[in-house]
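J.: Pasting a structure here, questions to come.
The values are calculated or read from the model by the stated rules, or taken from the named source; none is laboratory data. Quantities reported herein were computed from a predicted structural model and do not represent experimental measurements. Reconstructed Cβ throughout: ideal geometry from the backbone, glycine too, with neighbour counts over all protein chains shown. All accessible areas refer to the heavy atoms of the entire protein, side chains included, with ligands and DNA or RNA removed. Shrake-Rupley method; radii C 1.70, N 1.55, O 1.52, S 1.80 Å.
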Amino acid sequence: MQLKDVQKCKVQSIDWSGRVVYLGLDLSESNDNTSVAMVAVDDDDEILCETVAFIPEGRIDEKNAFEKIDYREHIRNGKAIACGDKVIDYAVVEDYILNIEQKFGVHVQAVGYDRYNALSTAQKLERAGFTTVEIRQHSSTLASPTKLLKEKILEGQFQYTENRLFEINFQNTRVTYDTNRSAYCNKKRSKGKIDMAVAT
């Protein structure tokens, strides 16, 4: 999918108040990024999206140089949060999720997560009253939402607010096809960080 197709879906603002939302959580380790995506479906069947990335604070300069991305700019814009030193502090990610209903005025229906690195976080969210759903990292579960997101973007039925880091993630994303020719995002084939796209 071309970046220009994604950028056509950019809007000035989204009114989240009162919406029922779903969260996608892509946790990581070491110098990789973690992301939380919040999505809702509006009355016109459009998908609304807000994403934020979490990066290790002690690796910002290293990541800026290696990835050719100015993470400090994205932190200033509120699209990235620096936490931890060399490794992301999951407590900051968990606090972001625990406070998301109050921050945006939404009701979280469920939190989808990849089992890898996320079991402890999922248990904490469950204890706080959130419904969590493990999303198996397999074409049988990933192909359908990947197809839906692509169709919504190409049909102009997707909205996100200004987020250059999100756009870079889409630029980096490459897909893999299974034996049924169903496509899903593949981190190993992609050319850079794609956590925000995967979380969405």
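J.: Out of curiosity, is A91 hydrophobic (A, V, I, L, M, F, W, C), open to solvent by 50 Å² or more (accessible area, probe 1.4 Å) and more than 21 Å from A197 (Cα to Cα)? Spell out the reasoning first.
T.: Numbers: hydrophobic (A, V, I, L, M, F, W, C): yes; open to solvent by 50 Å² or more (accessible area, probe 1.4 Å): no; more than 21 Å from A197 (Cα to Cα): yes.
For A91, the condition - hydrophobic (A, V, I, L, M, F, W, C), open to solvent by 50 Å² or more (accessible area, probe 1.4 Å) and more than 21 Å from A197 (Cα to Cα) - is not met.
J.: Output the number of residues of region 158-169 satisfying the condition of being crowded, with 19+ Cβ neighbours inside 10 Å and either of a type in the set (S, T, Y) or part of a helix (DSSP H, G or I) (or both).
T.: 5
J.: Please go through (1) closer than 16 Å to C185 by Cβ; (2) open to solvent by 40 Å² or more (accessible area, probe 1.4 Å) for E155 and return the number of the only condition it doesn't satisfy.
T.: That leaves (1) as the condition not met.
J.: Okay, next question. Looking only at helices (runs of 4 or more DSSP H) that fall completely inside region 69-111, which ones have 3 or more residues that are in contact (Cβ under 8 Å) with a residue 12 or more places away in the chain and under 13 Å from A37 (Cα atoms)? So that I can check it myself, show each step before the final result.
T.: Numbers: elements: 71-76, 90-98, 100-104.
Filter on region 69-111 gives 90-98.
J.: So which residues in region 112-146 are open to solvent by less than 80 Å² (accessible area, probe 1.4 Å) and part of a loop (DSSP other than H, G, I, E, B), if there are any at all?
T.: Across region 112-146, the qualifying residues are D114, N117, A118, A128, G129, F130, T131, I135.
J.: Here is a follow-up. Mind listing whichever residues of region 170-200 are of a type in the set (V, I, T) and either within 21 Å of I55 (Cα to Cα) or in a helix (DSSP H, G or I) (or both)?
T.: Going residue by residue through region 170-200, those that are of a type in the set (V, I, T) are 173, 175-176, 179, 194, 198, 200.
Selection gives T173, I194, V198, T200.
J.: For V21, only one of the following conditions fails: (1) at pLDDT below 95; (2) open to solvent by less than 40 Å² (accessible area, probe 1.4 Å); (3) under 24 Å from K152 (Cβ atoms). What is its number?
T.: Unmet condition: (1).
J.: So, one more: So which pairs qualify, if the first residue must be in region 135-154 and under 22 Å from R115 (Cβ atoms), the second must be part of a helix (DSSP H, G or I) and of a type outside the set (D, E), the Cβ gap must be under 7 Å, and the two must be at least 6 apart or on different chains?
T.: Once the first residue is under 22 Å from R115 (Cβ atoms) and sits in region 135-154, its partners that are part of a helix (DSSP H, G or I) and of a type outside the set (D, E) give I135/T141.
J.: Would you point out the residue of region 94-111, among those that are at negative phi and out of contact with any helix residue (DSSP H, G or I) (no Cβ under 9 Å at 6 or more places or on another chain), that is surrounded by the most Cβ atoms within 10 Å (Cβ to Cβ)? First the steps, then the outcome.
T.: Start the filter on region 94-111 by keeping residues that are at negative phi, which leaves 94-104, 106-111.
Now drop any that are not out of contact with any helix residue (DSSP H, G or I) (no Cβ under 9 Å at 6 or more places or on another chain), which leaves 95, 99-102, 104, 109-110.
Values: D95: 12, N99: 10, I100: 21, E101: 13, Q102: 8, F104: 19, Q109: 14, A110: 14.
So the residue we want is I100.
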